[in-house]
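J.: Dropping the structure in here first, questions after.
The values are calculated or read from the model by the stated rules, or taken from the named source; none is laboratory data. Note that the structure is a prediction, hence the values are computed from the model and not measured. Every residue, glycine as well, gets a Cβ built from its backbone with ideal geometry; the counts of neighbours run over all protein chains shown.
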Amino acid sequence: MGFDPRRWQPPAGSRPTAGPAVTSNVETLLAENDALRREVRRLRQQLQDALHPPGPVTGGRYGGGSYGITAAQVERWGMSLARHPRWSQLRIGPPGGLRELVDRLRQQSWNPALSLEQDLDRRSPGLGAELAEALRGPHSRVRWAVRAAFALYGPRAPEWLSDEPLRVVEELLRRMPRGQARGTRTENHSQASTAGSSGSSGRSGSAGRPGDGRSARQSRDPRRAALALLGLAEGASVQAIKRAYRRLAKAHHPDLGGEVEAFHRLEQAYRLLLS
């Protein structure tokens, strides 16, 4: 490679020059050059390995050769979440609770037909499968809170859970219906509200705007009452039910100024019709 002074010969007919030989210390210089080339190759290989680590998933931020979401990491997140003073007010459900919150967030996603894990895998390959494996086991408040955080924040959930766990709990509590977050609602009360009991009749008029509220209260058939609440007739298709629910959910969502009770009855009717 390049000019090697060890092989240099003066041109024919040229006059010899006085002074020290050209190749003085050449062996030492070339040895150093070879060592530098080997060091450059080694550093390039290290950089290549760092940019493209082995394994099926690349780009994971939290170590472990992937995204670092393990059962142990979930437990660590749970310890941080549990420091929130209202942590015990998060309920798993059903009715309501974290399970319902995850379902509601999934319904608001771009493709509700996908599960949470499928949606995460679509956005960050391998993330959903790793989360599913880490959450494997019996139901617990920690596992459902972590799952709800991923439904809320998507691939950025590990950052929120690691850096701002108390804010995660606060946001989950805020997005849950107020009565469910306080733990004061019961399944019987929810069913009574759905049927339009006398204790909630004063609010049923405003909630009844998603369909005919009076018909829902007068009917003893839960499915017919649910159809009336969504403003649909008997025999409505699944597509019609979904369209009516999405339209009314936007109008009556608590985050948009709607009533919590009305929105809760709307969700109950929707789940009943699709069950």
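J.: For the subset of segment 63-81 comprising residues that are among the hydroxyl-bearing types (Ser, Thr, Tyr) and over 13 Å from Ala145 (Cβ atoms), which member is modelled with the lowest pLDDT? Don't jump to the end; show me each part of the working.
T.: Taking segment 63-81 as the starting set, the residues that turn out to be among the hydroxyl-bearing types (Ser, Thr, Tyr) are 66-67, 70, 80.
Filter once more, so that each one left must be over 13 Å from Ala145 (Cβ atoms): 66-67, 70.
Numbers: Ser66: 74, Tyr67: 84, Thr70: 93.
By that ranking, first place goes to Ser66.
J.: Still on this structure, please answer the following. Output the number of the condition that Arg182 fails; it satisfies all remaining conditions of (1) surrounded by 13 or more Cβ atoms within 10 Å (Cβ to Cβ); (2) at positive phi; (3) modelled with pLDDT under 90; (4) not aliphatic (A, V, I, L, M).
T.: The number of the failed condition is (2).
J.: Next up: Can you confirm whether segment 248-256 contains a residue that is in contact with a Ser or Thr (Cβ under 8 Å, 6 or more places away or on another chain), modelled with pLDDT under 85 and within 26 Å of Gly97 (Cβ to Cβ)? Don't jump to the end; show me each part of the working.
T.: Narrowing segment 248-256 to residues in contact with a Ser or Thr (Cβ under 8 Å, 6 or more places away or on another chain): none.
Looking through segment 248-256, none of the residues is in contact with a Ser or Thr (Cβ under 8 Å, 6 or more places away or on another chain), modelled with pLDDT under 85 and within 26 Å of Gly97 (Cβ to Cβ).
Let's see how each residue does on (1) in a loop (DSSP other than H, G, I, E, B); (2) surrounded by fewer than 19 Cβ atoms within 10 Å (Cβ to Cβ); (3) among the aromatic types (Phe, Trp, Tyr):
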position	(1), (2), (3)
Arg83	yes, yes, no
Glu100	no, no, no
Leu114	yes, yes, no
Glu117	no, yes, no
Arg122	no, yes, no
Pro125	yes, yes, no
Phe150	no, no, yes
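J.: Is at least one residue of segment 237-246 outside any helix (DSSP H, G or I) and either modelled with pLDDT of 50 or more or buried (at least 20 other Cβ atoms within 10 Å of the Cβ) (or both)?
T.: yes
J.: Can you go through Ala134, Ala148 and tell me which one is in contact (Cβ under 8 Å) with a residue 40 or more places away in the chain, touching a Leu at 6+ places or on another chain (Cβ under 7 Å) and not charged (D, E, K, R)?
T.: Working: Ala134 fails: touching a Leu at 6+ places or on another chain (Cβ under 7 Å).
It is Ala148.
J.: Collect the residues in segment 82-99 that are farther than 12 Å from Arg147 by Cβ and of a type in the set (D, E, K, R), keeping them in residue-number order.
T.: Result: Arg83, Arg86, Arg91.
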